[in-house]
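Data first, discussion second: the structure below is written as structure tokens.
The values are calculated or read from the model by the stated rules, or taken from the named source; none is laboratory data. Quick caveat: nothing in here was measured; it's all calculated off a predicted structure. Every residue, glycine among them, receives a Cβ derived from its backbone with ideal geometry; neighbour counts consider all protein chains shown. Please note that ligands, DNA and RNA were not included when accessible areas were found on the heavy atoms of the full protein model with its side chains. Shrake-Rupley method; radii C 1.70, N 1.55, O 1.52, S 1.80 Å.
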Amino acid sequence: MKNTLTLDGQRVDFEEGESLYQVARRHTQAIPTLCYDDRLEAFGACRLCVVELEGSRNPVASCTTLAQTDMVVKTKTEAIERHRKTLMELVVSENPKGVAIDPLRGKASQELAHLAVRYQADGSRFAGKQSGHSRPDDPNPMIVRDYDHCISCYRCVRVCAEQEGDYAISIANRGFHTQITTEFDGLLENSACTFCGQCVQTCPTGALADGRALRHVDTPGEIERTRSVCPYCGVGCSVEILSKNETIVGVQPAMDGPANEGALCVKGQFGWDWVQHPDRLKNPLVRKDGVLVDASWDEALERAAEGFRKVRDTHGRHAIYGVASGRAPHESAYSMQKFIRVGFGTNNIDNCSRA
Amino acid sequence: MSNPLADMEKPDVIFCIGTNMTEAHPVAATRLKKAMRHGAKLIVADPRHIPLAEIADVVLPLRVGSDVALLGAMAHVIVREGLVDESFVAERTEGFEALRAHVAEFTPTWAEGITGVPAADIERAAILFGQAERGAIYYTLGITEHICGVDNVQSLCNLALMTGNIGREGTGINPMRGQNNIQGAGDCGALPNNYPGFQPVTDPANQKKFREAWGVEVDLEKGITKVRALDECGSSIHAMLICGENTVVSDPDRAHCEHALKSLEHLVVIDVFLTDTAALADVVFPAAAWGEVDGVFTNTERRPQRVRAAVEPQGQAQPDWWILTQLARRLDFPSFEYESAKDVFNELCALSPTYNGLDWDLVAEGRHHWPVPEKGHPGTPILHMGTFLRGKGLFKTPSYRDPAEVIDDEYPVWLTTGRRLAHYHTRTMTGRAVGTQYLVPEELVEIHPHDVTKLGLEDGGLAVMSSRRGEVVVKVQATTKSPRGTVFCSFSFSDVPINALTGSGYDPETDTAELKVCAVRIEPARATLV
Ligand code: SF4
Ligand code: SF4
């Protein structure tokens with residue numbers, strides 16, 4: 001039958017243009033990868049995703065091999081799994097031992113750790129080799145550059161180029177000397193970097209980490225994820241708000257967000273600390289003898305109501321004006337216009353779009 | 001936007017005018033860059049050398065406020081070159097002959113005199129756009145915040161209509177909304193002329209509908225705009241309820257705003273911080289913030305999406321709808337029985353033709369673009385397919401007018417305003433976020449290096465910038481992003497209140513302020529009293 005192939009002994013269908021990796025992910029469990037990100041061109045560099053293909057002498061990378069009718073594919077033979085374990089040991093050897101990779105580092109930060117457990121790879125066979133050196137000298141408070149953990153999957157470089165179109169970072173040297181770097185090997189803030197954080201969120205080892213979220217490693221509690229939408233511009237990027245108990249500890253992009261498809265900018269990614277800033281208004285205020293002082297809800301509501309009543313009674317219904325917010329949700333704007341229209345019988349309501 | 005954000009990856013010619021998209025709508029810009037990787041061509045019209053201009057195929061650095069002349073000349077070239085989509089014009093539009101006659105004298109050479117853009121570049125841009133299979137137009141406040149904002153938009157509509165670039169995938173007239181829910185505030189009827197769902201308040205059928213729904217007599221006349229209301233404070237307006245807006249810093253002519261709010265008998269502000277505006281109030285209510293409330297935002301592509309509470313509100317803060325419900329009950333207003341955000345949203349859906357087919361549960365995943373006229377309707381990603389709201393698309397014939405204020409010997413420099421990537425509006429949020437504040441800790445006036453020297457200024461030094469309305473002291477940044485003779489500031493820093501300078505005029509139809517143009521004088525700070 002057209003557009004079907006044999007995957008681990010099962011006949012499965014595929015869509016035109018799908019890679020073997022994608023077909024397998026849809027039908028069985030995911031093949032392990034480290035350099036793969038759905039939004040990027042398949043790269044075929046980490047070699048973890050290799051599979052046996054009947055008629056092919058060597059195993060092929062499943063992420064870069066397009067599915068074809070009647071292929072016979074085996075995704076986890078003993079030889080393949082042994083190959084993956086060796087690769088994993090090599091990769092793990094590049095990483096400093098005993099450094100916990102907190103999930104707050106980034107969305108994909110647990111990928112390497114999970115695979116290391118799955119393949120029981122400890123890296124001692126190849127110990128002593130390491131590519132990349134960290135940049136603790138970069139003072140920006142958003143992106144931590146722990147390149148000691150870098151495994152040269154180039155996901156950061158690719159996301160910056162392919163997804164962002166920023167081309168802020170690139171690869172210097174090769175092999176164990178590989179180093180992710182900016183132009184002139186400088187600080188991110190002196191490069192074309194826009195601090196969108198996409199490189200952080202795609203890094204599978206936590207080598208690039210969210211410096212804002214990392215402050216909360218020791219905040220007690222499990223990380224909870226709440227799906228929401230960025231509070232800034234009109235693009236409406238979907239995000240996950242990360243919280244521990246009642247503390248917001250980070251924001252990560254929602255990969256299936258319809259407006260952003262996993263992208264964010266610096267504001268949505270790193271601009272959330274204001275929510276629990278000490279400057280927040282925590283209780284109502286009323287003006288007494290010329291100054292604003294703390295008040296109870298009851299007192300403040302009464303003062304507000306009384307003031308509107310008085311103005312309506314002395315100056316008439318059109319003497320009152322409402323300005324709704326373009327940032328608060330619908331329920332705010334709808335209640336505002338209804339409050340003014342129903343309450344005073346006037347259409348004196350506007351929002352902040354004219355300025 | 002007439003078309004969805006996903007369509008930004010599909011045009012073959014992109015025309016961005018008055019939008020610094022990589023800074024104001026960064027993620028949307030990433031989608032345009034993808035279109036360009038697939039071979040799309042980019043035309044950028046902006047007075048400043050913005051990042052988009054770096055990657056554009058044709059750059060049109062027009063003088064601030066001269067958009068109508070530029071766009072009229074592009075229409076002229078499209079007619080002259082025979083690039084008009086005659087069948088689209090015949091089937092779907094009216095008034096084209098009037099436009100054809102109108103633009104006959106708008107030659108590129110004439111436009112060069114007004115805009116400063118070489119005639120040859122105007123020709124190139126017009127021909128590129130005119131030949132597009134799928135041409136899409138994107139704009140923001142650089143088009144609307146002018147005394148001729150309506151004329152600017154109509155000029156863009158003319159271009160889209162005459163080339164048939166509307167009502168199809170990858171085309172359209174696409175204004176990008178600046179704030180997360182500014183689209184939603186309009187959808188909800190927070191407008192002096194419309195009920196929710198853009199139903200005019202002066203239409204008797206709508207009056208009946210809302211009289212019955214809310215059980216009260218409704219006002220039969222339009223209200224006044226906020227701009228007029230600020231003018232009327234102390235005369236006919238005596239009380240204001242302001243929700244989540246820092247009017248004093250964001251609106252033009254700060255002195256006038258402050259004076260207006262101070263002349264009220266009663267000012268109530270609902271906000272998350274004690275903003276400069278809240279500080280003037282008689283009563284301030286603490287609002288629950290993003291991350292603390294459930295609700296709906298509608299983005300620039302008309303897509304309602306749910307926001308959700310992740311944590312409890314700070315202190316005693318409460319959601320806006322709750323505060324207004326409590327206040328309404330104190331005042332014995334009928335029809336405020338809400339127990340949740342869901343109740344409020346579902347009432348909106350029931351009363352709005354654009355949201356009729358939606359409810360709280362249906363917007364959970366944000367799959368629809370409004371209008372969604374009835375349940376089961378898939379939504380409307382692309383507007384104006386097959387027909388326009390009014391039937392036929394109407395060509396209008398705007399003519400170029402000077403800005404409200406033009407440079408002269410006393411105020412010889414153009415000032416234009418806008419956003420920077422790291423900050424948002426008056427910085428009540430981004431100024432309290434370590435990362436964004438780190439990137440841009442202070443206001444800078446961006447001046448061309450040549451002008452820095454000419455004006456006797458120093459890069460990094462302080463300057464006094466004054467207009468007919470006020471003056472500010474601001475640090476100088478020499479940059480070729482600004483063209484000679486024009487400088488740029490954001491309006492984000494209340495310690496450098498650029499709105500003390502702006503406010504020279506308003507669009508007569510929409511009352512939108514001309515924030516993009518004002519005439520200023522710039523001198524080294526040491527020469528005056530600082
Ligand atoms: S933060 Fe964004 S722009 Fe900066 S290096 Fe990472 S991906 Fe590139
Ligand atoms: S993440 Fe950036 S582009 Fe996306 S909605 Fe927020 S501010 Fe806009």
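Quick notes
- Verdict on B:GLY315 being at the interface with another protein chain (Cβ under 7 Å from one of its Cβ atoms) and open to solvent by 30 Å² or more (accessible area, probe 1.4 Å): yes
- Tally, over the stretch B:209-228, of residues that are touching a residue at least 40 places away in the same chain (Cβ under 8 Å), part of a loop (DSSP other than H, G, I, E, B) and more than 7 Å from chain A (Cβ to nearest Cβ): 1
- Selection from the stretch A:296-317 of residues that are open to solvent by 10 Å² or more (accessible area, probe 1.4 Å) and hydrophobic (A, V, I, L, M, F, W, C): A:TRP297
- Residue under evaluation B:ASN194, criteria (1) surrounded by fewer than 19 Cβ atoms within 10 Å (Cβ to Cβ); (2) under 18 Å from B:GLU347 (Cα atoms), criterion not met: (1)
- One residue alone among B:ALA132, B:ALA28 is of a type outside the set (Asp, Glu) and either open to solvent by 30 Å² or more (accessible area, probe 1.4 Å) or assigned to a helix (DSSP H, G or I) (or both), and that residue is B:ALA28.
For (1) part of a strand (DSSP E or B); (2) within 19 Å of A:GLU302 (Cα to Cα); (3) at the interface with chain A (Cβ under 7 Å from one of its Cβ atoms); (4) touching a helix residue (DSSP H, G or I) at 6+ places or on another chain (Cβ under 6 Å), each residue gets a yes or a no:
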{"position": "B:VAL249", "(1), (2), (3), (4)": "no, no, no, no"}
{"position": "B:HIS256", "(1), (2), (3), (4)": "no, no, no, no"}
{"position": "B:VAL284", "(1), (2), (3), (4)": "yes, yes, yes, yes"}
{"position": "B:ALA289", "(1), (2), (3), (4)": "no, no, yes, yes"}
{"position": "B:ALA310", "(1), (2), (3), (4)": "no, no, yes, no"}
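- Applying a threshold of 6 Å to beta carbon distances and a minimum spacing of six or more residues, or different chains, the list of pairs starting in the stretch A:59-74 at a residue that is closer than 10 Å to A:ARG47 by Cα and ending at one that is open to solvent by less than 60 Å² (accessible area, probe 1.4 Å) and of a type in the set (Gly, Ala, Ser) reads A:ALA61/A:GLY44; A:CYS63/A:SER19; A:CYS63/A:ALA42; A:CYS63/A:GLY44.
- Total residues in the stretch B:20-36, condition away from ligand 1 (no atom under 16 Å from the Cβ) and free of Cβ contacts under 8 Å to residues at least 24 places away in the same chain: 1
- B:ALA364 vs. criteria at the interface with chain A (Cβ under 10 Å from one of its Cβ atoms), more than 22 Å from the chain's Cα centre (by Cα), buried (at least 22 other Cβ atoms within 10 Å of the Cβ) and over 27 Å from B:THR486 (Cα atoms): no
- Residue within the stretch B:229-251 that is closer than 29 Å to B:GLY366 by Cβ and free of Cβ contacts under 8 Å to residues at least 24 places away in the same chain present: no
- Test: B:HIS38 is closer than 15 Å to A:GLY165 by Cβ, surrounded by 21 or more Cβ atoms within 10 Å (Cβ to Cβ) and not assigned by TED's automatic domain parsing to the domain that holds B:VAL517: no
- The stretch A:176-192, subset outside any helix (DSSP H, G or I) and away from chain B (no Cβ under 14 Å), residue surrounded by the fewest Cβ atoms within 10 Å (Cβ to Cβ): A:GLY186
- Pick from the stretch B:398-437, criterion surrounded by fewer than 16 Cβ atoms within 10 Å (Cβ to Cβ) and within 24 Å of the chain's Cα centre (by Cα), ranking: nearest to B:TRP370 (Cα to Cα): B:SER399
- Selection status of B:ALA75, open to solvent by less than 50 Å² (accessible area, probe 1.4 Å), among the small types (Gly, Ala, Ser) and either more than 16 Å from ligand 2 (Cβ to nearest atom) or more than 14 Å from chain A (Cβ to nearest Cβ) (or both): yes
- Entry remark, the stretch A:313-355: residues being of a type in the set (Gly, Ala, Ser), assigned to a helix (DSSP H, G or I), in contact with a strand residue (DSSP E or B) (Cβ under 7 Å, 6 or more places away or on another chain) and closer than 28 Å to B:PHE491 by Cα number 2 in total.
- Candidate set: the stretch A:144-175, residues that are assigned to a helix (DSSP H, G or I) and touching a residue at least 60 places away in the same chain (Cβ under 8 Å); chosen: the one farthest from ligand 1 (Cβ to nearest atom): A:TYR147
- B:VAL496 vs. criteria closer than 27 Å to A:ASP279 by Cβ and not assigned by TED's automatic domain parsing to the domain that holds B:ASP276: yes
- Qualifying position, being outside any loop (DSSP other than H, G, I, E, B), at pLDDT 95 or above and facing chain A (nearest Cβ under 7 Å), among B:LEU261, B:LEU191, B:LEU241: B:LEU241
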